[in-house]
Amino acid sequence: MTERVRAVLITPDDTMLVIRRTRPGIPEYWVLPGGGVEPDDASREAALHREIHEEIAGKADIVRLLHTMETGDERQLFYLAHITTWSFAARTGPEFSTEGRGEYALEEIPLTPTGLASITLKPEEITHALQETLRTGTLGTGTAPA
């Protein structure tokens, strides 16, 4: 089974970092930073640290596993993490230089029900999981619903 790791990256301003994807012929959508677990990654968390470094030249403190989603032969693990520094200009992930992959733009959105509703975050299941944790106060970031 293929495993992917993604991070709900909370900034010091209680916003969430997301990547806006613009691809020809497809409505724009947003994803959380992350990617595939490689055979030489020591753990899923190590894979997530590597992906955060590649995609946004950041260093995050992983808080906990937030949500797991399985579809077909793929498992995605979503982690809650805090991040204080990042540089989208210094990203190094191979997907950024691959022709035909479209555009990637790093954005901060309010980590609130209204903020989440303002974007099309993929996969949709993580949006619902985040909305639920915000509604019930179980996200654990200190962020209040708005």
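Coordinate-derived values only; no laboratory data. For clarity, every value in this text was computed on a predicted model and none was experimentally measured. Cβ: placed from backbone, ideal geometry, glycine included. Neighbour counts: every protein chain shown.
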Can you give the % of DSSP beta bridges in segment 2-136 that are antiparallel, to the nearest 5?
-> 75 percent
Sum up the charges of everything whose Cβ sits under 11 Å from the Cβ of residue 53, counting Lys and Arg as +1 and Asp and Glu as -1, but leave residue 53 out.
-> 0
Tally Lys and Arg at +1 and Asp and Glu at -1 over the other residues with C-beta under 11 Å from the C-beta of residue 113: what net charge comes out?
-> 0
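If packing is taken as the average number of other Cβ atoms within 10 Å across a peptide's residues, how do 8-21, 67-80 rank, most packed first?
Working: 8-21: 18.8, 67-80: 15.1.
Result, highest mean first: 8-21, 67-80.
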Given H placed on each backbone N at 1.01 Å, which residues far from residue 79 in sequence or on other chains put an amide H within less than 5 Å of it?
-> 6, 7, 8, 66
Can you tell me the dipole magnitude for the chain around its Cα centre, using point charges on the Cβ only (Lys, Arg +1; Asp, Glu -1), in Debye to the nearest 20?
-> 220 debye
Using only the alpha carbons of the chain, determine the length spanned along each of the three principal axes and report them from longest to shortest in whole angstroms.
-> 40, 36, 34
Once you've got the GNM for the chain with C-alpha springs shorter than 10 Å, pick whichever of 44, 23, 91 has the biggest mean-square fluctuation.
-> 23
